[in-house]
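> This is the structure I want to talk about, given as structure tokens.
The values are calculated or read from the model by the stated rules, or taken from the named source; none is laboratory data. Quick caveat: nothing in here was measured; it's all calculated off a predicted structure. No Cβ is skipped: glycine too gets one built from the backbone with ideal geometry, and neighbour counts run over all protein chains shown.
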């Protein structure tokens, strides 16, 4: 009995220890700079006292003779340092500006043929069985129903309703969303349907003579009337081979990460 | 006067729950699956305030949900109305004073609501859903809802009896004597 109890206690202590270890290992030290400061305040006077005595004993006294020269040099160096830091800040600002401009350029370059309106996702669906986002542009910005929504990576979905300054976007992964798409190599058309699962679509109606390879790219085919032709959707992730070749299907991994989607573009010209 | 206060309180709690679902549960979720607090709210209204008021509030909240974020107007309205009605019906047959019955009732209501939503979506929007995936998500959601019910049970009872006092003043005697 006693042995059993002590074994139990050991396990509990180990678990607590592990939890504390994990907790501590995840702490950022910078959060505790005030503790560090307190410690240094406590230690530093003693440390300098010891150093002073040590210098005295070792005969390092001539150090003080050059004190004035050193002080002057120090002020000069400090000024130079300030100047350098200032220029560094300026460089950093320029660098940040450069990268954002480059991003914009890439985005608009990629979809040069389309007239687009940029938008932000402002609201996400509360249900587990549908995927609808609300974006911050509406009829005032020229956005209408059935317009295509894209992101930097590829197709996002289409607009199902609009108000004056918001619009609801039905995502590609919503279970009622269907998109006709073209395989890159064979140029065959398949139908992709949302599965609600994270970033995956299920493609069906695969022609019997189509050769499928994992990693093959899919684009929109332009059929169906909503999505324009040639927008990137994603790549083939897994192929489900069935006994009957007529009903085989495959899973597509979308290029867009819907979980972390923030900025989108709405294509306004048909 | 008291009625108006209670109704305002209900509407405010609906808005609060909506904001909670939209913001808080986007990161506080179990494997990406959110709970459904609105079903809990509407069922509670049905249970404590009766069929009529439960159904009315269910339809009202459902339609506003559809306006906020929904594919078409009415789907959540119909289902939440049904949940409110079920709440009123369950009140006559089950006791609300037990935590276990409350959890069971909320679980049943959530199952009915989600199945109804998926079926209506299937018929209206041709939304095809993988049954295995649906069951998986539903199970996690039920567990989540049950846990939340356990936590907020005292609040539900407190608000519930306030509602009962307000909406069913004359009936309270026949129930207990």
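> Considering segment A:206-249 alone, what residues qualify as being closer than 17 Å to residue A:172 by Cβ, part of a loop (DSSP other than H, G, I, E, B) and in contact with a strand residue (DSSP E or B) (Cβ under 7 Å, 6 or more places away or on another chain)?
Scanning segment A:206-249 gives A:221, A:223, A:224, A:226, A:227, A:228, A:229, A:230, A:231.
> Could you figure out which of (1) under 26 Å from residue A:196 (Cα atoms); (2) buried (at least 21 other Cβ atoms within 10 Å of the Cβ); (3) touching a residue at least 12 places away in the same chain (Cβ under 8 Å) isn't true of residue B:18?
Answer for residue B:18: the failing condition is (2).
> On to the next question. Any chance segment A:252-269 includes a residue that's part of a helix (DSSP H, G or I), assigned by TED's automatic domain parsing to the domain that holds residue A:156 and surrounded by fewer than 16 Cβ atoms within 10 Å (Cβ to Cβ)?
Checked segment A:252-269: at least one residue is part of a helix (DSSP H, G or I), assigned by TED's automatic domain parsing to the domain that holds residue A:156 and surrounded by fewer than 16 Cβ atoms within 10 Å (Cβ to Cβ).
> Separate question: Name every residue in segment A:181-203 that is modelled with pLDDT under 85, within 12 Å of another protein chain (Cβ to nearest Cβ) and either surrounded by fewer than 16 Cβ atoms within 10 Å (Cβ to Cβ) or within 13 Å of residue B:133 (Cα to Cα) (or both), in order of residue number.
Across segment A:181-203, the qualifying residues are A:195, A:196, A:197, A:198.
> State whether one or more residues within segment A:156-164 are at pLDDT below 85, part of a strand (DSSP E or B) and at negative phi.
Checking segment A:156-164: at least one residue is at pLDDT below 85, part of a strand (DSSP E or B) and at negative phi.
> Pull up segment A:163-175, narrow it to residues that are buried (at least 21 other Cβ atoms within 10 Å of the Cβ) and closer than 23 Å to residue A:138 by Cα, then point me to the one that is farthest from the other protein chains (Cβ to nearest Cβ).
A:172
> Further, regarding this structure: So which of A:179, A:190, A:134 ends up being within 30 Å of residue B:19 (Cβ to Cβ) and not in a helix (DSSP H, G or I)?
A:134 is the lone residue from the list that is within 30 Å of residue B:19 (Cβ to Cβ) and not in a helix (DSSP H, G or I).
> Shifting gears a bit: Does residue A:143 meet the test of being in contact (Cβ under 8 Å) with a residue 60 or more places away in the chain, out of contact with any helix residue (DSSP H, G or I) (no Cβ under 9 Å at 6 or more places or on another chain) and away from chain B (no Cβ under 14 Å)?
yes
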